[in-house]
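Enquirer: Right, I'll just put the structure down here and ask away after.
The values are calculated or read from the model by the stated rules, or taken from the named source; none is laboratory data. No experiment lies behind these values; they were computed from the predicted model shown. Cβ: placed from backbone, ideal geometry, glycine included. Neighbour counts: every protein chain shown. The protein model used for the area step is the full one, side chains on, heavy atoms only, and it has no ligands, DNA or RNA in it. Shrake-Rupley method; radii C 1.70, N 1.55, O 1.52, S 1.80 Å.
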Amino acid sequence: SSVLALFVRAPRPAIRHGCSRFHSGSRMRSQAPLMRSDKSCGADPGTDAPGMVKRANEARPSGEAAVGGVVATGRPSSARPTGLHALGGGAPVLPLSRAPPEGWPPPQEECDTPHPPSFYCPISRQCMRDPVVLADGHTYERRHIEHWLESNHTSPVSGARLPQTMVLPNHALRNAIEEYFGQVRGAHRDAARRIVSGLHGEAIAEHGGLARSLDALMQCILATAGEIHVEQILKTVMEEAKCLIGAEGASVFLVDRQRQELYSTANSSGEEIRMPIASGIAGQVASTGAPALIPKPSSVGDDLLFCNVDAATGFKTRNTLCAPIRASKWGILGVASLVNKTLGGCTDAAFSPECSTAVNSPASELGGTSSSRASSATADEVGAVRQRCGFGPFNIADGVANFTPDDRAFLELILNTAASALCSGGYLERDLCAKSPGSAESHGAKRRRPASPWARGTTPSYAARPSALKVLLAEALQSWEMDALALAELTDNRPLSVLAAFMFENLGLAEQFSMDIPRMKHYFGEIERGYRDNPYHNRAHAASVLHVMHKLLSAGGVAAACSAVADGIDDPSHRVALVQVAGLLAAAVHDFEHEGLSNDFLVKTFSPKALRYNDRNVNENHHVAAAFEVLRRPECNFLEKMPEDEFRKLRSLVVDMVLSTDMADGNAYLAAFKDAIRLSKAASEGGEASPSALKPATAKEAVLGLQIALKCADIGHLSLSWSAHIQWVQRLETEFFLQGDQERKLGMEKVSFMMDRTKPGVSQTQVGFFNFVVIPLFGCLVDAFPGCRPIYDAVMTNGVRWREIEQESSG
């Protein structure tokens, strides 16, 4: 039976105004819960769950939020719907086929969690970040189940022997978890806003309801933290602080006591920043333990205004609020700062729709934003509205909003709450390298290191290894495998622009062709923004294709062998370099502005693109045409200094390569390539050249070699290690099913092949795909370019694995 049939669909809660509301039709018949029996769930499917939440809200203290039956303390209230039915339904789970192992299920008190039980991994009993489905029908956190499977071939839940050990990503549950916690965090954030808006001075730190709301917010953040590093958790906390208080930027610096430095990896530059522990505002706060509020740029010297950080990040600091992060027995852990006050923080005005609109609308009406760049006219209009609402004026000087003592008090409370939660949760002992006199390490306690970002199955974190991004980029130039999803994680979802700029600079192409570096980075940034958040055809896919194309061109020898396409250039090395630029550019833009829909769908629905390109290579024509439109913009034209004849040749190559990625034309390209190889072998017999290497006799044959290389790079995930490859297979299947859903909704006569979710999809047709498409394609590639043997071997390894899975399923 299909593993996909075991996929779990999670509830998608909708939270409005601090209480839980349910999607229509979300009540379900009783099903076997993940962690406890229906009886222990404490709610019948027909129970009036919204009414129970209403009663829980009525019983809570004024100003606090209750979300899904959880009050602001983050602990379950006494009158709340529990278990899977707390969200109006739950994930169907297969009944246990054998007696569960000893200790399972866990005791009732251990199951009484404040969040839906289906969100918790049965092994770690923690909320999942990367849920995957096993053949036993249960969903687990990837790193835990993969560790289990290293030494076991049985289900952790039932103890039954597994028919197969492959795991598949549960994207539906992952999306539900992210949506749920996003809404719960929003509700607690709103509760904190309502409370703090009427407080001033010491009352902020002393208000119990505010402390409980912030604690609930911190517990919600920690519930999904998993193995990510403390600094990354604090960055998330500061993003909440930035939203609550109102600021353009936020940063976190931790103390490295051994080197007597402050360091930050969670910042906008994507690089590690270090500074002496006594320098700048951060150093002053770390040394004295006193918060610093710098209201106006002119009031202090440049040495205090984070000048080094500004230089590293490109950020312009105008005013700063900086406070220490301290925890008992650890002392000062680091420093957190908010930069450039914006209008509309909860300490500035009451949290109400009228005031929120009033605060932000004048700036937008004047063509600006709600940032600290507000003009004096905007400030006057906002002040007038605030006066009508009964609030005092903003702290604004010379058109610049400034932080206030209330902002400082609120930030200190947020940081104290966060430090307390991190300490009690054991995160500090786990992650911090600095050893304070009272720390657990100084007493001989064993410290757990954060999970390596290179361990397969984990969610990589830049903070877990400060040099991780540099290491990954450096290895991308040398290794045949690169984890594009890890790169997306490390670059705040900018894998394509970061990788492209790194390659062009470090391969010497930018210098050789006199490329304008700022324009180049801007161009690839614009291209990256054109990639939509599709499950498969996204910016991470583009980065993956870019990496594979680089390896085929360089290590595979494709660029050198196909340099005949630039026969008008005398210098052989320059010809190869031009081919490299064309190949990398084609890879970067090959799916630009892809909608996640096939050419066939666009043609059948008479889309504007199909009409524009006369139903021929619709997507591919648009990708390359739109990419060159972006290149024409003055701020993006990084190839402006390239000679016209070279640029025309490059453009022709890019167009030919991108158009060849249409899978519908695959057989024609492959047949032509086989003929070219046969003729090349015949011509080279008796010569010095290897008879297996393609020696293009014409520019047309050389172009064909580049086209085949990009076609292989386009499905380069087939060569990745198994767990990485299977993620991309599932992403493609998800995207195909989404198109099939649209086709069914539009009433099309027949849902496209592999796009009907009621029939076998991509993951169940891989053996045929490998046999009839993949192996012939990559076989011809390595026959023509022997240097591509590593990628061919990797593809064959995955092909064998798919055949084994098919045999196990049929057996």
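Enquirer: Can you bin every Cα-Cα distance in region 737-790 into 5 Å intervals starting at zero and give me the percent of pairs per bin, rounded to whole numbers?
Expert: Cα pair-distance distribution for region 737-790, in percent: 5, 18, 17, 13, 12, 12, 9, 8, 5, 2.
Enquirer: Now, a different point. Using per-residue counts of other Cβ atoms within 10 Å, averaged over each peptide, order 564-577, 742-755, 173-186 from highest down.
Expert: Ranked from most to least packed, the peptides come out as 173-186, 564-577, 742-755.
Enquirer: Averaged per residue, what accessible surface does region 142-183 expose to a 1.4 Å probe, in Å²?
Expert: 41 Å²
Enquirer: Using per-residue counts of other Cβ atoms within 10 Å, averaged over each peptide, order 241-249, 254-262 from highest down.
Expert: With the highest mean Cβ count within 10 Å placed first, the list reads 241-249, 254-262.
Enquirer: Carbon and sulfur atoms: what percent of the 1.4 Å accessible area of region 624-731 do they account for?
Expert: That share works out to 51 percent.
Enquirer: Evaluated at 25 °C with a viscosity of 0.890 mPa s, what Stokes-Einstein diffusion coefficient in µm²/s does region 499-592 have when Rh comes from the Kirkwood expression over alpha-carbon pairs?
Expert: 178 µm²/s
Enquirer: Using 7 Å Cα-to-Cβ label points, what is the Glu202/Arg125 separation (nm, one decimal)?
Expert: In this crude label model, Glu202 to Arg125 measures out at 4.3 nm.
Enquirer: Moving to a separate point now. Scattering from the C-alpha atoms of region 516-656 alone, worked out with Debye: what is log10 I(q)/I(0) at q = 0.13, 0.17, 0.18 1/Å?
Expert: -0.62, -1.01, -1.10
Enquirer: Which value, in debye to the nearest 20, describes the size of the charge dipole of region 199-267 about its Cα centre when Lys and Arg Cβ atoms bear +1, Asp and Glu Cβ atoms bear -1, and nothing else is charged?
Expert: Value, rounded to 20: 80 debye.
Enquirer: Taking the Cα centre of region 616-660 as origin and charging only Cβ (+1 Lys, Arg; -1 Asp, Glu), how large is the dipole, in debye to the nearest 20?
Expert: 80 debye
Enquirer: On to the next question. How long is the gain from Ser684 to Arg259 if the chain were fully straight, where each residue apart is worth 0.36 nm and the alpha carbon distance is subtracted?
Expert: Between Ser684 and Arg259, full extension yields 146.8 nm more.
Enquirer: Projecting each Cα onto the charge dipole of region 551-661 (Lys/Arg +1, Asp/Glu -1 at the beta carbon, about the Cα centre), which of Tyr613, Gln580, Gly556 comes out farthest on the positive side?
Expert: Of the options given, the answer is Tyr613.
Enquirer: Let me ask something else. In debye, nearest 20: dipole of region 512-656 around its Cα centre with unit charges on the Cβ of K, R (+) and D, E (-)?
Expert: 240 debye
Enquirer: Another question about this same structure. Would you mind putting 636-642, 766-772, 700-706 in packing order, based on average other-beta-carbon counts within 10 Å, highest first?
Expert: The peptides rank, most packed first, as 700-706, 636-642, 766-772.
Enquirer: Same structure, new question: Let a ≥ b ≥ c be the square roots of the eigenvalues of the Cα gyration tensor of region 609-742; is it rounded (a/c under 1.5), or, if not, prolate (a/b larger than b/c) or oblate?
Expert: oblate
Enquirer: Report relative contact order for region 563-680 in percent, whole number only (criteria: Cα-Cα under 8 Å, sequence separation at least 6).
Expert: Over region 563-680, the number comes to 28 percent.
Enquirer: Next question, about the same structure. Computed from the mean reciprocal separation of all distinct C-alpha pairs, what Kirkwood hydrodynamic radius does region 553-595 have, in Å?
Expert: Mean inverse Cα-Cα distance, inverted, gives 11.1 Å.
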